[in-house]
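Each remark here refers to the structure printed beneath this line.
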Amino acid sequence: MFSDELARLSWDDTTAAIAAKTADDVERALRRPKPTVDDFMALISPAAEPYLEIMARLSRRYTEERFGRTVSLFIPLYLTNSCTNSCVYCGFHVANKMPRTILTPAEMEREYAAIKELGPFENLLLVTGENPAKAGVPYLAKALDLAKPHFSNLKIEVMPLATEEYAELRRHGMNGVICFQETYHRDNYKSYHPRGMKSNFEWRVNGFDRMGQAGVHSIGMGVLIGLEKEWRTDLTMMAYHLRYLQHHYWRTKYSVNFPRMCPAENGGFQPNCLMTDRELAQLTFAMRIFDHDVDISYSTRELPAFRDHMATLGVTTMSAGSRTEPGGYACYPEALEQFEVSDPRSVDEVVNALKTMGVEPVWKDWDSVFDKHLSDGR
Ligand code: SF4
């Protein structure tokens, strides 16, 4: 399990090693055909800041070699904002007295139809808060069953599950799982997640192993940038985690996402660092140079011009037309959003902007027949 690997890594030593990186380290990393995590540390370090243009060109080259000039589009559907956790940075935390919505099967159907009206989406991400009693595995299985006739690629972003639960949801058409570790700082993790299921660091960080053991085809990961002052250290731990997973579950496809906090949201929580656009660009290029195959995903948390630009330089997956309130497409468009959308453009506007940048939007890059083929080969 990755928690054993993580226990061998020192947060403080890693932070010091990143700060000590030099221009020579950066240039060595840029020359290396298969960069190591140590190279990744150099590429995200302050020493790499003067190399941003070179990194951007390299990132674009690797991305085009592997993905062409394409961006895969997906849309999230929040099924419920009911949650038993108390994450200090989230407005949905259990102590917040607010109306809670759990979409019924009929409401799910209305949402799926409304999404199809927005654009020919085939990639759907189903999102829930963590409420196993009311929105647990049977509820998710129902949502997947109802979605399957309308979408070819179904992913979930829900509470960490047991191996057999992931396997069960795969039988209902689930193809991928996204889970944010939030932070790899074990001690501080507890202070951000004081109560509820999410307070168990080991259960969360080892959830990725359980996904791999269940044969989940696509695993998405990320840290919440802003929780830890030393964001570079957190991202380095994630890079170790990515390499560990690729080594152990090599048939699985991986994606990364870099959600960053803004000062004005987060349920009153003040971020411990604010990442600039330039730093996010550097991180994105560093990740692409570190791993030519990983999907790099940007959500509508980012501003339109920045998303459009980064779609040509390393990003390969994007959401569009997103609503982050449950039932936001048809049933409850006035409900409270989990986070503020910074790219409010319509799906057509996003598509046209990508085409203007010379990037081809991709709606479908997966079919369930592949899953059967892969399962047979396991
Ligand atoms: S971040 Fe997720 S788990 Fe935490 S309170 Fe918000 S909805 Fe619940």
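The residues in the stretch 145-156 that are assigned to a helix (DSSP H, G or I) and of a type outside the set (Asp, Glu) can be counted, and the count is 2.
Among the residues of the stretch 15-35, write down those that are closer than 15 Å to THR236 by Cα, in a helix (DSSP H, G or I) and without any contact (Cβ under 8 Å) to a residue 12 or more places away in the chain. If the condition is that a residue be closer than 15 Å to THR236 by Cα, in a helix (DSSP H, G or I) and without any contact (Cβ under 8 Å) to a residue 12 or more places away in the chain, then ALA16 is the only one that fits. Of everything listed in (1) in contact with a Leu (Cβ under 7 Å, 6 or more places away or on another chain); (2) in a helix (DSSP H, G or I), the single unmet condition for PRO263 is (2).
Check whether at least one residue in the stretch 321-343 is among the charged types (D, E, K, R) and more than 20 Å from LEU77 (Cα to Cα), and report yes or no.
no
Residues in the stretch 292-319 that are small (Gly, Ala, Ser) and in contact with a Pro (Cβ under 8 Å, 6 or more places away or on another chain): 2 in all.
Return the only residue of ILE219, ILE225 being within 28 Å of PHE40 (Cβ to Cβ), touching a Phe, Trp or Tyr at 6+ places or on another chain (Cβ under 7 Å), within 15 Å of the ligand (Cβ to nearest atom) and not basic (Lys, Arg). Outline the logic, then answer.
Working: ILE219 fails: within 15 Å of the ligand (Cβ to nearest atom).
So the residue among ILE219, ILE225 that is within 28 Å of PHE40 (Cβ to Cβ), touching a Phe, Trp or Tyr at 6+ places or on another chain (Cβ under 7 Å), within 15 Å of the ligand (Cβ to nearest atom) and not basic (Lys, Arg) is ILE225.
Each value in this text was obtained by applying a stated rule to the coordinates, not by laboratory testing. A quick note: this is a predicted structure, and the numbers were derived from the prediction, not measured. Cβ coordinates were reconstructed from backbone atoms using ideal geometry, including for glycine residues, and neighbour counts include every protein chain displayed.
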